[in-house]
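In what follows, a single structure is set out as C-alpha cells and then discussed.
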C-alpha cells in the first residue's frame, strides 16, 4: 500500500536523521520513528477521508434512487484510492460485483466478486452461489470455507454453506459446519432448527432467513411470499378484473 510505504519512509527518514547527525542515540530514533509514523498515518487518513466520505454518500443516494449504472461508475472512480486505503479496493469490488449481479451481468459479477475482500461476507456468499448454480461446487466450497473462517458470526453464510454440502450429499460435513457455528451463536433460531433437521436426517429449510435467502437465487420464494411483497401490509391488491359498482 502506498500509504504505508509513504508514512514508513517519512518516519524512518526523520526519525533516524537525528541519530545520523549525532543528536540522540538509536533507541530514541526508533521511538521517534514509531511516533512519526502514527502522526503521518493519522494526517493521511484524514485527508483521504475528506475525499472518500462525500463519494460514499453520493453512491448511497444513487443506489437508493435506482441509478445503478451511475453508482457503478462512482465506485469504479474510487478504485485508485485503494492504493492509499488498506482493504478499500476489496470492499469496492464487492459492491460493484453485487450491482453487476443484480443487473444481470453475471460474468462481470463473478470477475468482480473474485476480487472482493474475504471480509465482504455477502459478496463472497453471492459468488459461491453463482458458482454452485453453474455446476462448480468445488470452487464454491473453497470460497465458503475461507469466508466462513473470517466471518465467524454470519449466520446466513454458514447455513448456506451447510445447505450446499447437504445438497451435495455431504450431510455429515454440513452438520459439522452448523455445529461449529451453533457454538459461537447458540441463540440463532434458523441454525438451531437446521442443525436439528440434519441430526434427524431430514431436509434443511432456509425460510427463516426470509428474502435474504431467496435473493441468493438458490431457491424460488413461495408464491404466498411473492404476493405479500406486492401488496403493502394493511392493503388488499386490486382484483384482476374489477367491475363497476352498481348504484
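Tabulated data
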read-out	value
Two-decimal log10 I(q)/I(0) for region 76-196, as the Debye equation yields it once each C-alpha is a single scatterer, q = 0.15, 0.18, 0.19, 0.22 Å⁻¹	-0.68, -0.91, -0.97, -1.16
Potential extension, residue 220-residue 167 segment - 0.36 nm per residue separation minus Cα distance	17.5 nm
Inter-probe distance in nm under a simple model that places probes 7 Å from Cα toward Cβ, at residue 176 and residue 34	4.2
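Computed from the coordinates by the stated procedures, all read-outs in this text should not be read as laboratory data. Quantities reported herein were computed from a predicted structural model and do not represent experimental measurements. Backbone-built Cβ (ideal geometry, glycine too); neighbour counts: all protein chains shown.
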